[in-house]
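Got a structure for you, written out below as structure tokens; questions coming shortly.
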Amino acid sequence: MSNEDVCIVIPAYNEATAISGVVTELREQFRHVLVVDDGSADDTASLARAAGAAVARHPINLGAGAALETGLAWVAARPEFAWVVTFDADGQHLVADAVRMLARARATGVDIVLASRFTGATIDMPSARRVLLKAAVAFTRLTTHLDVTDAHNGLRVINTRALPDLHLSQCGMAHASELTSAISSAGLTYCEVSTTVRYSAYSQAKGQRNLNAVNVLFDLAAARLRFTS
């Protein structure tokens, strides 16, 4: 199998419904998949292992940002990996998009490839969700001066040489804009690739609610105030 130098990192919390299918599909293209079980109360960890993933576990639920930080640290400690791909556990991303983004990363040599649903496609995206995510994009562009079009897409490809510059302090969903801010502050190179995000009743219940987008904006504003005070 190709892509031996790539590790997929999947933060997961109570994802027993979807995790087996997500891991199985990913492992058709990527041998190495790490699921970070963020204190799940269901069978997420055992199902991920049965599907062929390595599993790291938090004893309690800490949040998506903390789970992602654990995953990135796990990869950084293993020099056999040159690339890490972050991928959501709820089935909203396409494995084919991850493959295309990795190809772009290899071809260009950039530090990070970001996914964009807003230059790509969305399936069944609620209109209120679109408005809130566009607000998050505007906030990120204003505070980082990066020309990004999607600030909260969980699909991204990161060269492991950039991992020392990516330390996440936001435990919740605001970690995505924090990561984008790190690109700016560390002077990392990046590009965007158009991708698809599939919204479903399950994915919305697992983290795509509009209230979560409001919470992201609040967390980002609070973090910005702490940084400038």
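Yes/no matrix, rows are residues, columns are (1) within 18 Å of the chain's Cα centre (by Cα); (2) more than 16 Å from Ala98 (Cα to Cα):
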site	(1), (2)
Ala12	yes, yes
Ala16	no, yes
Val22	yes, no
Glu28	no, no
Asp43	no, yes
Leu47	no, yes
Ala54	yes, yes
Arg57	yes, yes
Asn61	yes, yes
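A further question follows. Here is a list of conditions, (1) buried (at least 22 other Cβ atoms within 10 Å of the Cβ); (2) touching a Phe, Trp or Tyr at 6+ places or on another chain (Cβ under 9 Å); (3) at pLDDT below 95, and Ala89 meets all of them except one; can you say which number that is?
Every condition holds for Ala89 apart from (3).
Test of understanding: among Ala138, Ala103, Ala115, which residue is touching a Lys or Arg at 6+ places or on another chain (Cβ under 8 Å) and small (Gly, Ala, Ser)?
Residue meeting the stated conditions: Ala115.
Now, a different point. Condition check: modelled with pLDDT of 85 or more and closer than 28 Å to Asn3 by Cβ. Does Gly207 satisfy that?
Against the criterion (modelled with pLDDT of 85 or more and closer than 28 Å to Asn3 by Cβ), Gly207 does not qualify.
Can I ask one more? Run down Val85, Val95, Val99, Val113 and say which single residue is touching a residue at least 60 places away in the same chain (Cβ under 8 Å) and in contact with a Cys (Cβ under 7 Å, 6 or more places away or on another chain).
Val113
A further question follows. Can you confirm whether Asp38 is surrounded by 23 or more Cβ atoms within 10 Å (Cβ to Cβ), among the charged types (D, E, K, R) and closer than 21 Å to Ala151 by Cβ?
no
Can you name the residue in the range 103-145 that is modelled with pLDDT under 90 and part of a loop (DSSP other than H, G, I, E, B) and, of all such residues, is surrounded by the fewest Cβ atoms within 10 Å (Cβ to Cβ)?
In this case the residue turns out to be His145.
The values are calculated or read from the model by the stated rules, or taken from the named source; none is laboratory data. In this text, all values refer to a predicted model and were calculated from it rather than measured experimentally. Because the Cβ atoms are built from the backbone with ideal geometry, glycine has one as well, and the counts that use them run over all protein chains shown.
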